[in-house]
Amino acid sequence: MATLELTPQFRSALRAQAHPLKPVVLIGEQGLNPANMAEIDVALKSHELIKVRVFGDVAAARSAILQTICDTLGAAPVQSIGKLLVIYRPRPKVQQESREDDAPATKRGRSPRTVKLVVPSSSPTHRAKVKRVTLLGNQRLTATGKVKRAKPRLSSAKKSSRG
């Protein structure tokens, strides 16, 4: 895979986004191994923008590790400060094939689900009862154990007053 190229403006925006992030992958003194590469790939799939900490005192080795990661995984190097590497790779677009077989799978709402409800006893000598409750897609269970229906979404008063 080739290294992804970023514009300076986009790279600057990514650096700003990466500032509060914590390193998700740590690379030890032994260097880059297949397990580290797999972990970086998983992190890039889920987060797009990650920080990697490389333990080692040789700056040339850290830059070689950054280049290897970016070339192998098709990512872009955003920033390298000290032992921290910031790497970006956009998430792949999920392509959905529209077939007639998939029509039932794309229904609205959530299917009914069964949840356990623990009802405490009023007497200290009796055990709590476990009750199973089936919730529909528009229902939720409150902290007190009551089943509530979702309220319909209200439209804005501004939208309805405009003509």
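Brief remarks follow.
- Among (1) surrounded by 11 or more Cβ atoms within 10 Å (Cβ to Cβ); (2) free of Cβ contacts under 8 Å to residues at least 40 places away in the same chain; (3) farther than 19 Å from Pro92 by Cβ; (4) not aromatic (Phe, Trp, Tyr) - the single one Ala16 does not satisfy: (1)
- Candidate set from segment 19-48 (those that are part of a helix (DSSP H, G or I) and among the β-branched types (Val, Ile, Thr)); member that is farthest from Thr72 (Cα to Cα): Val42
- Filtered residue count, segment 108-127, keeping only those that are assigned to a loop (DSSP other than H, G, I, E, B), exposed (fewer than 10 other Cβ atoms within 10 Å of the Cβ) and not hydroxyl-bearing (Ser, Thr, Tyr): 5
- Residue ID - surrounded by the fewest Cβ atoms within 10 Å (Cβ to Cβ), chosen from residues in segment 85-96 that are of a type in the set (Val, Ile, Thr) and assigned to a strand (DSSP E or B): Val86
- Segment 50-84: number of residues that are part of a strand (DSSP E or B) and within 22 Å of Ala13 (Cβ to Cβ): 10
Just so you know, all these numbers are worked out from the coordinates, no wet-lab data involved. These figures come from a predicted structure and were not determined experimentally. Every residue, glycine as well, gets a Cβ built from its backbone with ideal geometry; the counts of neighbours run over all protein chains shown.
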